[in-house]
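Heads up, the thing below is written out as structure tokens.
The values are calculated or read from the model by the stated rules, or taken from the named source; none is laboratory data. Everything quoted here is computed from the prediction, not taken from an experiment. Cβ coordinates were reconstructed from backbone atoms using ideal geometry, including for glycine residues, and neighbour counts include every protein chain displayed. Just so you know, the surface numbers come from the protein's heavy atoms only, side chains and all, with ligands and any DNA or RNA stripped out. Shrake-Rupley method; radii C 1.70, N 1.55, O 1.52, S 1.80 Å.
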Number of protein chains: 2
Amino acid sequence: MKSMTVHHIEEISAIVKTGRILTNESDRFSYSFDASFGTYLPDVVIQTKNVEELAELVKFANREKVPVYPRGQATCLSGGPLPVKGGMVFDLSIMDDVLEINEEDLIAIVSPGVLTSDIHKAAEQKGLMYPPDPSSSHVSTIGGNLAENSGGPRGLKYGVTKDYVIGLEIITPQGEIIQTGGRTVKNVTGYDLTKLIVGSEGTLGIITKAILRLIPKPPASETVMAIFDSLVDAGRAISKILSSGILPSKMELMDQASIVAVENYEPSGLPKDADAMILIELDGHPAAVRDEAEQVSQVCKEVGVREVRVPQTKAEKEDVWKARKLVSPAIVRIKPTKISEDATVPRSKIPEMCRRLQEIKKKYNLHLVVFGHAGDGNLHPNIIADKSDKEEMLRVEKAVAEIFEAAIALGGTLSGEHGIGTMKAPFMEMELGAAGLNMMKSIKQALDPNNIMNPGKIFPEPGQKLVLSK
Amino acid sequence: MKSMTVHHIEEISAIVKTGRILTNESDRFSYSFDASFGTYLPDVVIQTKNVEELAELVKFANREKVPVYPRGQATCLSGGPLPVKGGMVFDLSIMDDVLEINEEDLIAIVSPGVLTSDIHKAAEQKGLMYPPDPSSSHVSTIGGNLAENSGGPRGLKYGVTKDYVIGLEIITPQGEIIQTGGRTVKNVTGYDLTKLIVGSEGTLGIITKAILRLIPKPPASETVMAIFDSLVDAGRAISKILSSGILPSKMELMDQASIVAVENYEPSGLPKDADAMILIELDGHPAAVRDEAEQVSQVCKEVGVREVRVPQTKAEKEDVWKARKLVSPAIVRIKPTKISEDATVPRSKIPEMCRRLQEIKKKYNLHLVVFGHAGDGNLHPNIIADKSDKEEMLRVEKAVAEIFEAAIALGGTLSGEHGIGTMKAPFMEMELGAAGLNMMKSIKQALDPNNIMNPGKIFPEPGQKLVLSK
């Protein structure tokens with residue numbers, strides 16, 4: 001990969017007529033990191049809303065073999081937007097003009113810089129819902145959600161970002177602007193480029209517009225909070241609820257460490273002596289959700305719950321969900337560095353995964369907190385550490401590797417919703433095998449032969465290891 | 001592409017130790033057609049349940065550049081299983097051993113020869129549901145459904161086959177056996193090979209096992225039958241219901257020609273003078289569906305329905321849905337040859353598409369019947385003709401091309417659920433443009449450089465035209 005020259009910057013300046021080109025080091029520094037690890041300074045940052053200009057820049061990049069790094073709000077936990085090979089960053093967060101809700105076709109048309117929560121609001125104003133709800137939705141862009149195929153609590157019932165994308169406008173690595181899919185929910189015309197691009201972490205093209213499928217907003221919801229003296233009982237309750245004919249919209253787990261952290265951070269009467277808590281949301285018809293809340297409470301009682309609460313007012317419901325939302329801010333009070341994983345296991349393996357996580361915690365003497373989307377097996381083991389403590393970070397590296405090994409041994413996957421990026425690339429072959437990884441590499445090589453689109457992501461470099469301790 | 005030699009057959013015989021090799025012309029003839037057009041005799045048909053043997057055969061095929069055609073029950077309407085270049089047919093309909101329902105993980109594990117309706121039954125016995133319900137499900141294999149990404153009436157609420165596939169075992173064009181995805185509903189580890197393979201019509205690999213996501217079976221359902229004096233009013237009712245906050249599980253349209261055909265075929269009191277009928281199914285909690293049936297009836301009344309019926313008994317409900325199921329058998333009584341299309345438009349364009357279909361019908365003086373999955377824009381314009389009438393078939397060819405043009409002009413797609421195969425390949429560039437089609441070709445070329453996997457499908461040959469009149 002070449003580094004950029006003065007001549008390159010001149011060429012870029014000739015292409016970008018409607019936007020800004022940032023070359024000062026102080027400006028570029030703002031684009032050197034995301035919510036994961038490491039800082040990498042890009043050579044230049046481009047801010048333009050003009051798709052044709054971006055396409056011309058990609059043509060230039062492809063000719064000159066200059067890396068292109070598309071970027072939204074950089075809330076990524078796996079290193080997706082990091083410009084690890086220098087080159088150009090495209091700041092797509094400014095491309096936030098289009099947010100059109102079409103009630104008749106039940107779709108939203110959005111540009112990549114729109115915040116996901118703004119899509120939620122716009123859809124709800126028309127009685128509709130865009131289901132994917134990553135916890136970062138108030139600060140993350142839909143473009144980033146699309147690149148990483150983000151999930152969220154509602155994934156249990158409604159699926160993830162990919163399940164709601166029916167069409168894209170993309171710039172190919174050759175700098176051509178193409179449309180994939182369209183405005184119809186059914187489309188089997190050739191290969192599904194839409195679902196290949198979504199979740200490909202910016203390595204196959206740049207998303208400049210998306211058509212999202214919406215659904216009618218469920219008219220009512222109920223919340224159930226269940227407190228357990230044993231994490232294993234909580235796991236059994238989760239399994240039993242899911243096989244009872246009810247599909248909750250959310251089913252979130254908080255282990256004792258998360259409960260304690262939240263209660264210490266902002267006291268609200270959470271039971272610090274409980275081993276686990278499950279928070280369940282049911283949505284749908286008012287009569288249905290009342291009935292289902294009753295059934296869920298009954299199932300919890302059958303497996304020996306300590307206490308079940310069904311909050312009655314809107315404020316009470318919000319309090320319960322606030323506790324879950326506070327886990328992330330609460331745990332970083334303990335130590336400054338949070339290593340947030342999203343290793344995912346088949347639902348039935350949640351109790352066993354919890355057991356193995358406790359072993360890893362003990363073995364490496366780390367502050368490990370477990371919470372997340374238990375209903376779909378997508379746990380979030382978070383390690384809380386201090387990155388200035390090199391000895392501790394070495395233990396973290398080993399613990400993270402063992403978390404991945406445990407998930408894969410249980411038939412799970414490295415990443416349920418955060419993506420591979422730089423953080424999990426070294427572990428890809430462990431999950432996919434050489435043949436599976438090679439199949440992905442063949443696709444990358446075919447579509448981006450000069451490896452200009454977000455290079456350094458997903459695919460491990462020879463001998464690459466996870467390094468958090470540098 | 002080479003034709004096969006005696007030496008090839010000897011090599012195949014050496015590989016296949018556990019199955020049958022069919023070389024007699026009479027045996028091979030049974031594998032020369034599907035439910036679309038044309039007959040193409042394969043050189044040899046292989047029946048084995050042994051995945052390693054199949055993988056060895058693919059290695060042999062890749063070395064010798066012999067075409068491989070995977071095949072289920074061949075109910076395909078677009079030519080997917082046709083061995084258009086000769087070579088080997090793999091009869092995967094015999095691979096029907098595995099049908100395992102895992103209630104805890106909410107998944108089914110199936111081998112490709114299992115009938116889709118058997119998956120429905122097995123899931124329902126455990127209180128679960130596999131939602132995709134192509135009308136052919138009692139005779140089509142899940143392998144074929146996966147290859148074509150089949151839809152069905154329930155696609156409106158629940159999506160299509162692809163939305164329920166979370167893992168695959170495939171044989172790559174190089175003859176390697178790999179796993180994609182897994183047993184978790186969330187998985188963002190690298191490119192989504194699972195969703196790339198599903199719907200790729202056997203051109204990128206052979207599916208030898210699949211992991212399907214199941215959901216709890218909804219406890220109740222209600223049916224609403226609405227009869228309209230105007231097709232345009234029926235279209236308005238569809239739009240209004242979908243924007244009223246209700247998502248029916250099915251919403252099927254029958255135009256006057258379909259109503260008349262069914263009533264003539266098996267009289268049951270359908271209103272032959274009505275311009276259109278909509279059949280709606282609501283599923284979910286008993287109180288919810290009762291309430292929603294009432295709301296749907298109300299919306300229909302607001303747009304000027306002639307009559308709304310809400311059947312009360314199970315038998316009455318079944319009668320209503322039987323009328324819809326009889327459309328296909330009823331229309332082939334009129335003339336022997338049915339050309340069944342599945343051009344799909346954005347929901348809001350259904351009335352306009354219906355108008356254009358009537359114009360095409362008049363222009364070419366053909367028997368055109370319109371029915372299908374109106375709720376998701378996936379209409380089934382069916383032309384009824386006689387393939388021995390060459391002059392008529394020439395008019396059919398032109399009408400089909402105009403149906404595709406109309407769908408694309410309205411922002412729709414060539415195929416919502418039947419696939420491209422041989423039938424729609426000539427029209428691919430019209431929808432995708434050269435750059436989009438080239439992106440798909442690059443993927444095919446990268447994964448199957450010798451073009452051995454189902455050659456002659458999806459991608460048009462230079463100058464290829466739709467020919468039904470030969």
Problem set entry | Whole-number accessible area per residue in Å² for the stretch B:99-216, which is evaluated in the context of all protein chains at 1.4 Å | 24
For this session: For chain A, restrict the atom set to alpha-carbon positions and state the Rg and Dmax in Å.
Result: 22.6, 72
Exercise. Once you sort the root eigenvalues of the Cα gyration tensor of the stretch A:51-101 as a ≥ b ≥ c, which label holds: rounded (a/c under 1.5), prolate (a/b larger than b/c) or oblate (the other case)?
Worked result: oblate
Exercise. From the residues A:Pro70, A:Ile246, A:Val84, which one has its Cα farthest along the dipole of chain A in the positive direction, the dipole being from +1 and -1 charges on Cβ of Lys/Arg and Asp/Glu about the Cα centre?
Worked result: A:Val84
Seminar exercise, completed: Listed by chain and number, the residues whose amide H is under 5 Å from that of A:Ile107, excluding neighbours fewer than 5 places away on the same chain and using placed H, are A:Asn102, A:Leu214
For this session: Note down the accessible area of A:Thr180, probe 1.4 Å, to the nearest 10 Å².
Result: 10
Problem set entry | Whole-number Å³ per residue for the convex hull built on Cα positions in the stretch A:99-216 | 95
For this session: Give me the percent of the accessible area of chain A that comes from carbon and sulfur atoms, probe 1.4 Å, all protein chains in place.
Result: 49
Exercise. Which number do you get for Rg(Cα) / (2.2 N^0.38 Å) in the stretch B:403-470?
Worked result: 1.16
Exercise. Where the label is 7 Å out from Cα toward Cβ, how close does B:Glu316 come to the same position in every other copy, in nm, shortest first?
Worked result: 4.1
Seminar exercise, completed: Cα-Cα longer than 21 Å, checked against A:Lys209/B:Lys240; B:Lys338/B:Lys424; B:Lys195/B:Lys465; A:Lys126/B:Lys195; B:Lys338/B:Lys470; B:Lys59/B:Lys186, kept in input order, equals A:Lys209/B:Lys240; B:Lys195/B:Lys465; A:Lys126/B:Lys195; B:Lys59/B:Lys186
For this session: Using the Karplus curve 6.51 cos²θ - 1.76 cosθ + 1.60 with θ = phi - 60°, work out ³J(HN,Hα) for each residue of the stretch B:207-213 in order, rounded to whole Hz, and write x for Gly and Pro.
Result: 7, 10, 6, 9, 10, 10, 7
Exercise. Along the charge dipole of chain A, which of A:Val110, A:Gly182, A:Ile207 sits closest to the positive end, that is, farthest toward it, with unit charges on the beta carbon of Lys, Arg, Asp and Glu (+1, +1, -1, -1)?
Worked result: A:Ile207
For this session: In debye, nearest 20, what is the charge dipole magnitude of chain A about its Cα centre with +1 on Lys and Arg Cβ and -1 on Asp and Glu Cβ, if you could check?
Result: 660
Seminar exercise, completed: Buried accessible area between B and A, both sides, 1.4 Å probe, in Å² rounded to 100, is 6400
Exercise. Just the Cα atoms of the stretch B:220-409, one point each, no solvent: what log10 I(q)/I(0) does Debye give at q = 0.11 Å⁻¹?
Worked result: -0.48
For this session: Rounding to the nearest 20 debye, state how big the charge dipole of the stretch A:99-216 is about its Cα centre with +1 on each Lys and Arg Cβ and -1 on each Asp and Glu Cβ.
Result: 240
Exercise. Summing -39500 (n - 2.57) over the DSSP H runs of n ≥ 4 in chain B and dividing by its residue number, what mean residue ellipticity at 222 nm do you reach, to the nearest 500 deg cm²/dmol?
Worked result: -10500 deg cm²/dmol
Exercise. Using the Karplus equation 6.51 cos²θ - 1.76 cosθ + 1.60 (θ = phi - 60°), what ³J(HN,Hα) coupling, rounded to whole Hz, does each residue of the stretch A:176-189 give in order, writing x for Gly and Pro?
Worked result: 9, 9, 10, 9, 10, x, x, 9, 9, 6, 10, 6, 10, 7
Seminar exercise, completed: The ³J(HN,Hα) series, computed from each phi in the stretch B:132-137 with the Karplus coefficients 6.51, -1.76 and 1.60 at θ = phi - 60°, rounded to the nearest Hz and given as x for glycine or proline, is x, 9, x, 4, 8, 4
Problem set entry | Environment charge at A:Ala293 (Cβ cut-off 14 Å; Lys +1, Arg +1, Asp -1, Glu -1) | -2
For this session: Would you kindly calculate the translational diffusion coefficient of the stretch B:313-470, applying Stokes-Einstein with the Kirkwood radius from alpha carbon pairs, for 20 °C and a viscosity of 1.002 mPa s, and quote it in µm² s⁻¹ without decimals?
Result: 125
Exercise. So what is the relative contact order of chain A, in percent, for Cα pairs below 8 Å that sit 6 or more residues apart?
Worked result: 15
Exercise. Along the charge dipole of the stretch B:379-426, Cβ charges K/R +1 and D/E -1, which of B:Ala406, B:Asn382, B:Thr422 sits furthest on the positive end?
Worked result: B:Thr422
For this session: Note the distances from B:Lys301 to each other copy's matching label point, with points 7 Å along the Cα-to-beta-carbon direction, in nm, sorted shortest first.
Result: 4.1
For this session: Indicate the gyration tensor shape class of the stretch B:218-287 (rounded, prolate or oblate), computed on the Cα atoms with a ≥ b ≥ c the square roots of the eigenvalues: a/c under 1.5 is rounded; otherwise a/b larger than b/c is prolate and the rest oblate.
Result: oblate
Exercise. How far is A:Ser230 from itself in the other copies, in nm, if each label sits 7 Å out from Cα along the Cα-Cβ line, shortest first?
Worked result: 6.7
Seminar exercise, completed: Long-range amide H partners of B:Asn451, meaning residues 5 or more apart or on another chain whose placed amide H is closer than 5 Å, are none
Exercise. Looking at the square roots a ≥ b ≥ c of the eigenvalues of the Cα gyration tensor of the stretch B:6-94, which shape do they give, rounded for a/c under 1.5, prolate if a/b is larger than b/c, or oblate?
Worked result: prolate
Problem set entry | Cβ charges +1 (Lys, Arg) and -1 (Asp, Glu), total dipole of the stretch B:220-409, debye | 320
For this session: Return one whole number: the accessible area per residue of the stretch A:6-94 in Å², for a 1.4 Å probe.
Result: 40
Problem set entry | Along each principal axis, Cα extent of the protein assembly as shown, largest first, Å | 83, 63, 62
